[in-house]
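To start, the structure under review is shown below, and the notes come after it.
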Amino acid sequence: MQIISYQLFTVATPPPHHGGSEWLFVKLITDAGIVGWGEAYWIPTAPAMRVALLNEHCERWLLDSDPHQIERQWQESYSCEFTQRPDLGRMACVSACEMACWDIIGKAAGQPIYNLLGGRYHARLRSYTYLYPDTAMTAHGETMSTVQETPALAAERAQAYVEMGFTAIKLDPIGFGSGKQAPWILSPLELRNAEMVVRQVREAVGDKILIAADANRSYAGDVRKAIRIINKLEKFGLDGMEQPVGRDDYKGMAFVRQHVGCPIFADEGVMTVADAVRYIDAGAMDVVALKLWKVGGFIKAREIAALCRAHSIPCHIGSTPGSQLLEAGQLHFAASVADLFLGAEIDMFTSFTEDPASGLEVKNGALTVTDAPGLGINVDLSKATEVC
């Protein structure tokens, strides 16, 4: 079987543009008549450049190739121009095309992708959610950042998610997403507000609900400030803190981990197997947060997960504000991994409208894993604009 052609599609999201201003899909077409779908997320360029990068990747590495030869495609692309470095644009293109190849392989075999990754370990996955504004809040100008930084709003949304059946939530009480850039000096007022947010959320949801925080590298350059903040938030039953310091500061991560009680997640710090080795050797993480688009797809995510499992480090499947197509890949990977911490942070798509992809559903705070071949996702092209 060979890939004989491909198409790229952009999907503009309606206001308030949850999940980004647009999504970029790739459709691979084989000589057997089987097609595979993938989605490229977080290419940090202008829209036209994103399309050009994915187009170049498909032309150079996918056309006339066998979709089963994923490892060869991955290595040749990653090593081109002697770079071998995990820039986000390249990883997004690699992971999108790898996802589409797995979709083809699964459909050809009549099997869901997780069965090709070792089988379905989890038939049902806890969905672990961020705090997003509801429709009424959005109409009043509230954003994800303002909800998480405002104690009363955060508590209100947390309680609403519990009523929907969620048993794990996540928030950033400091407000990295509000446009600030780390590192910055937190005022006593900001610190007290962060404490108030977590306290009111805990009071609203009770002790049966898991609460984790994401620092998004907010305390880069000031590990003692990170320790101080985490220690204050731990009083309210914090179940984890994600990437408190910079990506490359694995020694700083280890120092923080030694001085706090809650689990420390590595997210931006682990994009490759080599990154995972550095973090493991430094004792810098309790949990590894994996996103397929960040590490380059299923194969590399499995390699990192296997390495971490050998060191008793579980996986957290992180959030990705893409369509259901992108999240379906995350779900198949999560279903095949034995050691999951908190569940799978796959629910953001529930707040999106006009999603061309369908097939996922969060019910009572959990995701049921499909047994349909490939990704098990349908794509409605009437909601997309062909660009190439």
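Bear in mind that the values in this text are calculations on the coordinates, not laboratory data. These numbers were taken from a predicted model, which means no experiment stands behind them. With ideal geometry, Cβ positions are generated from the backbone for all residues, glycine too; neighbour counts draw on all protein chains shown.
For this structure, a couple of remarks:
- Taking all Cα pairs closer than 8 Å and separated by 6 or more residues, the relative contact order of the range 137-280 comes to 21 percent.
- Here the sum of -39500 (n - 2.57) over DSSP H runs of 4 or more residues, divided by the residues of the chain, equals -11500 deg cm²/dmol at 222 nm, to the nearest 500.
- In degrees, nearest ten, helix 88-109 long axis to first principal axis of the chain (Cα): 60
- Rounded to 10°, Cα long-axis angle of helix 223-234 versus longest principal axis of the chain: 80
- Charges were assigned to the Cβ only: +1 to each Lys and Arg, -1 to each Asp and Glu. The resulting dipole of the range 124-375 about its Cα centre is roughly 680 debye.
- Comparing CYS315, CYS58, CYS101 in a Gaussian network model of the chain (Cα springs below 10 Å), the most mobile by mean-square fluctuation is CYS58.
- Using alpha-carbon coordinates, inclination of helix 70-79 to the longest axis of the chain, degrees: 70
- Label-to-label distance for ALA46 and ASN364 is 5.1 nm, based on points extended 7 Å past Cα in the beta-carbon direction.
- Long-range lysine pairs (8 or more apart or interchain), the chain, Cα under 18 Å: 11
- Fewest-first ordering of MET241, MET348 by other beta carbons within 10 Å of each residue's beta carbon gives MET348, MET241.
- ASP380-GLU163 FRET efficiency (beta carbon distance; Förster radius 30 Å; 0.05 resolution): 0.45
- Computed from the Cβ-Cβ distance with R0 of 30 Å, the FRET efficiency linking VAL277 to ARG72 stands at 0.80.
- Gyration tensor (alpha-carbon) shape descriptor, the range 124-375, a/c threshold 1.5: oblate
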